[in-house]
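The values are calculated or read from the model by the stated rules, or taken from the named source; none is laboratory data. Note that the structure is predicted; figures quoted are calculated from it, not measured. A quick note on method: Cβ atoms are made from the backbone with ideal geometry, for glycine too, and the neighbour counts reach across all protein chains shown.
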Amino acid sequence: MITLKEALTKSGEELTALRAELEERAKASDLNAYVGYESSGEGIPILIKDNIQVKNWPVTSGSKILQGYIAPYEATAIRNLKAKGMMPFGRANMDEFAMGSTTESSFYGPTKNPHGTDRVPGGSSGGSAAAVAGGIAIAALGSDTGGSIRQPAAYCGVVGMKPTYGRVSRFGLSAYASSLDQIGPIAQNVEDAAILYDAIKGHDDKDSTSADFEIEDIANHLNPDVKLTIAVIDSHIDAADADIRKAFNKTVSKLEAAGHTIVHKEMSNTKYDIATYYVLATAEAATNLARYDGVRYGRRAEAKNTEELFFNTRSEGFGEEVKRRIMLGNFVLSSGYYDAYYVKAQKVRHLIRDAYNRIFEEADLILSPVAPSVAPKMGSIHDPLEMYKSDMYTLGVNLAGLPGISLPVAKNDEGMPVGLQLIAKAFDEKILFNGAASMEKAVNYTH
Ligand code: GLN
């Protein structure tokens, strides 16, 4: 598939032909990465996760409850894309309401990993990552609340970037956990990810948490020859599989050979990331999902009265994982448990952010695994807690509001990609992308 950078040089006619070819190839593919083939105007086709509103397109967050719902307005990220000559094309499969790490919980059925169709592509932006990796999308938008861009990118061997909280407008992104959600790019390489990030970023009055200042464009000034100080957290690595540890150690050597300085740091509270995230994310999700009642959005169940309407719509419309999280979220917010769980998790969130900031006093970037293993086999995770644990390396970045980028560095003996992530200080996207460009060059990953 041509890169986004190459696509920028194509004529309107060439792009129209490309779109037709993409649609044909996507329809013939068995990945189940697309859940719709809508297109919206002229330009470079960019695949859009099914939780980002494109005006007049269905937007269903991979859920039964939103079947029939048509977006009445455009997300700011989409408006920004269009202003840069790109156009939304196709809706990408995802875990229902972005809750999951495998894209197995979608109403449309699971997406497959192009590197092994018995493997999951990761989640929740699994459709976006699988399509880019499988050569049926040039680039895609995903959303990352606790790793949902970086982790599927790692499992599928592509690049996925989560911007600093507040850098990309959330206006028009269906909310999962509003204090954590960010839209970001999934692309074939670091430069393409930077092009897409540049296009969607920026202040937006329609999002009250949007950062009120602009940052220069990055893609045109990428410098893969920077020399940076990169921190590694040794105790953090032990929990990963041998495949991941091996790829990690090799990457560290290659970064050193490329002239970067590696510093070893400790971060004792990472063991609280999972608990903190799953208290806060479920609390926010329970609140955000209260609006789906059969009256205002999407699918309406049969009912004799209003109470039954709410009950039946939600019982029939939400999947098992979403219901679990609504129950958990309402529990941690209920009187009697609010202080013990929700308030405590908010406090721990601050400690996690402080721990990152201490490291950034002495380092430009942190290098970390994205997931403790390569993509698991489809259907192999039965215990929800096991799935939550696989998020251990990505959640802290969202809790601290930081930018992170995942890029492929190696394949294991079975040919499954291993991705690692770089993490930067808030709003240090320029250093993040330069570091990623340098790492991409140093590891020289072959697809
Ligand atoms: N796997 C995490 C969760 O299920 C992260 C999801 C996401 O980033 N949207 O909450």
Q: Consider THR111 carefully, then state whether it is of a type in the set (Ser, Thr, Tyr) and closer than 24 Å to GLY317 by Cα.
A: yes
Q | Some residue of region 135-144 being within 16 Å of the ligand (Cβ to nearest atom) and surrounded by fewer than 24 Cβ atoms within 10 Å (Cβ to Cβ) | A | no
Q.
Let me confirm something: among SER373, SER438, which residue is at pLDDT 95 or above, away from the ligand (no atom under 16 Å from the Cβ) and either touching a Cys at 6+ places or on another chain (Cβ under 6 Å) or of a type in the set (Ser, Thr, Tyr) (or both)?
A. SER438
Q: Can you confirm whether region 10-30 contains a residue that is assigned to a strand (DSSP E or B) and either in contact (Cβ under 8 Å) with a residue 60 or more places away in the chain or surrounded by 18 or more Cβ atoms within 10 Å (Cβ to Cβ) (or both)?
A: no
Q: Name the single residue, out of those in region 91-129 being more than 16 Å from the ligand (Cβ to nearest atom) and either closer than 16 Å to ALA28 by Cβ or modelled with pLDDT under 95 (or both), that is farthest from the chain's Cα centre (by Cα).
A: THR117
Q: Looking at (1) within 16 Å of the ligand (Cβ to nearest atom); (2) part of a loop (DSSP other than H, G, I, E, B); (3) within 22 Å of LYS82 (Cβ to Cβ); (4) not hydroxyl-bearing (Ser, Thr, Tyr), find the lone condition where PHE171 falls short.
A: (1)
Q.
Out of the residues in region 177-205 meeting the condition of being away from the ligand (no atom under 16 Å from the Cβ) and outside any helix (DSSP H, G or I), tell me which one is surrounded by the most Cβ atoms within 10 Å (Cβ to Cβ).
A. ALA187
Q.
With the requirement that a residue be modelled with pLDDT of 95 or more and either hydroxyl-bearing (Ser, Thr, Tyr) or not in a loop (DSSP other than H, G, I, E, B) (or both), what does region 39-56 give you?
A. ILE44, PRO45, ILE46, LEU47, ILE48, LYS49, ILE52
Q: With respect to ILE326, determine if the residue is aliphatic (A, V, I, L, M), within 15 Å of the ligand (Cβ to nearest atom) and at pLDDT 95 or above.
A: yes
Q.
Just to be sure I understand the filter: pairs with C-beta atoms under 6 Å, separated by 6 or more residues or on different chains, first member in region 239-255 and in contact (Cβ under 8 Å) with a residue 12 or more places away in the chain and over 25 Å from ASP273 (Cα atoms), second member among the aromatic types (Phe, Trp, Tyr) and exposed (fewer than 15 other Cβ atoms within 10 Å of the Cβ). Which pairs pass?
A. none
Q.
Please determine whether any residue of region 358-367 is in contact with an Asp or Glu (Cβ under 7 Å, 6 or more places away or on another chain) and away from the ligand (no atom under 14 Å from the Cβ).
A. no
Q. Which residues, counting only those in region 57-90, are among the hydroxyl-bearing types (Ser, Thr, Tyr) and either within 16 Å of the ligand (Cβ to nearest atom) or at pLDDT below 95 (or both)?
A. THR60, SER61, SER63
Q.
Which residue is farthest from the ligand (Cβ to nearest atom), if the candidates are limited to region 399-415 and must be in contact with a strand residue (DSSP E or B) (Cβ under 7 Å, 6 or more places away or on another chain) and under 23 Å from TYR197 (Cα atoms)?
A. VAL409
Q | Residue, nearest to GLY147 (Cα to Cα), within region 263-309, restricted to residues that are among the aliphatic types (A, V, I, L, M) and free of Cβ contacts under 8 Å to residues at least 24 places away in the same chain | A | ALA290
(Q) Take the conditions more than 16 Å from the ligand (Cβ to nearest atom) and surrounded by 18 or more Cβ atoms within 10 Å (Cβ to Cβ) and apply them to ALA258. Does it pass? (A) no
Q: Working only within region 145-167, note down all residues that are more than 14 Å from the ligand (Cβ to nearest atom) and under 24 Å from THR76 (Cβ atoms).
A: VAL159, THR164, GLY166, ARG167
(Q) Is it the case, given these coordinates, that ALA301 is more than 16 Å from the ligand (Cβ to nearest atom), more than 30 Å from TYR445 (Cα to Cα) and touching a Lys or Arg at 6+ places or on another chain (Cβ under 9 Å)? (A) yes
Q: Return the only residue of GLY419, GLY396 being assigned to a strand (DSSP E or B) and at negative phi.
A: GLY419
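Residue-wise test of (1) assigned to a helix (DSSP H, G or I); (2) farther than 30 Å from GLU429 by Cβ.
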{"residue": "GLU316", "(1), (2)": "yes, yes"}
{"residue": "ARG324", "(1), (2)": "yes, yes"}
{"residue": "LEU328", "(1), (2)": "yes, yes"}
{"residue": "PHE331", "(1), (2)": "yes, yes"}
{"residue": "LYS347", "(1), (2)": "yes, no"}
{"residue": "ALA355", "(1), (2)": "yes, no"}
{"residue": "SER368", "(1), (2)": "no, no"}
{"residue": "SER373", "(1), (2)": "no, no"}
Q.
Please pick out the residue among ASP234, ASP243 that is of a type in the set (D, E, K, R), surrounded by 18 or more Cβ atoms within 10 Å (Cβ to Cβ), out of contact with any Phe, Trp or Tyr (no Cβ under 9 Å at 6 or more places or on another chain) and under 23 Å from VAL370 (Cα atoms).
A. ASP243
